[in-house]
Amino acid sequence: APRAVEPLLRWLSREPDDADARHLLADHYLGRGQDEDAREQLEILIRQTPNDVVALNNLAWLLRETDKDRAEQLAVQARAIAPDNPAVADTLGTILLANGKVAEALAALKRAATALPDDRSVQGHYAEALRRVEGSR
């Protein structure tokens, strides 16, 4: 419901530095497919807390098709902060694959797929990287 976020918006107007509330709002927008609204909240989070791995990762994912260079830069930054996070490895690998960096993508996606063997999405990304490697031989 559109009105569901009104209390959160009111709260953030009074407490704009509340990162937890801003994360909730960004997640709400992401879940509803409101990418521009989510992007706005994630950009604010990154300005406020530049090392916020979740915000960096989610913004990188959102930008993977519209701003590939920035998406890759954000994903690399997230990996530098959280090198063992499989969700970050998946995002980075998917972006690298889209940017034609197949070998780097394969390494990142293998780490993610190994860490998350039951995640179909991650396994699908890894399978696509393997397919691309096989296709280039």
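Quick notes on this one:
- Compared with the alpha-carbon gap, the fully stretched path from LYS110 to THR49 is longer by 19.0 nm at 0.36 nm per residue.
- Kirkwood-Stokes translational diffusion coefficient of segment 8-51, alpha-carbon pairs, 10 °C, 1.306 mPa s, µm²/s: 155
- Translational D in µm²/s for segment 58-137 (Stokes-Einstein at 25 °C, 0.890 mPa s, Kirkwood Rh from C-alpha pairs): 202
- Working note: Debye formula, equal point scatterers on the alpha-carbon atoms of the chain, no solvent; log10 I(q)/I(0) at q = 0.09, 0.11, 0.21 Å⁻¹ is -0.30, -0.43, -1.18.
- Point-to-point label distance, GLU6-ARG32, nm (Cα→Cβ direction, 7 Å offset): 1.3
- Accessible surface of the chain, 1.4 Å probe, proportion on carbon and sulfur as whole %: 51
- Exposure of ILE95 as accessible area (Å², to 10), given a probe of 1.4 Å and all protein chains: 0
- Contact order, relative form, for the chain: 13 percent (alpha carbon pairs under 8 Å, 6 or more residues apart, mean separation divided by residue count).
- Candidates ARG64, ARG47, ARG14, ranked by Gaussian network fluctuation over the chain, Cα under 10 Å, top entry: ARG14
The values are calculated or read from the model by the stated rules, or taken from the named source; none is laboratory data. Just so it is clear, the structure is predicted and the values come from calculations on it, not from any experiment. Positions of Cβ are generated from backbone atoms using ideal geometry, with glycine treated the same way; all protein chains shown enter the neighbour counts. We work out accessible area using only protein heavy atoms, side chains counted, and drop any ligands, DNA or RNA first. Shrake-Rupley method; radii C 1.70, N 1.55, O 1.52, S 1.80 Å.
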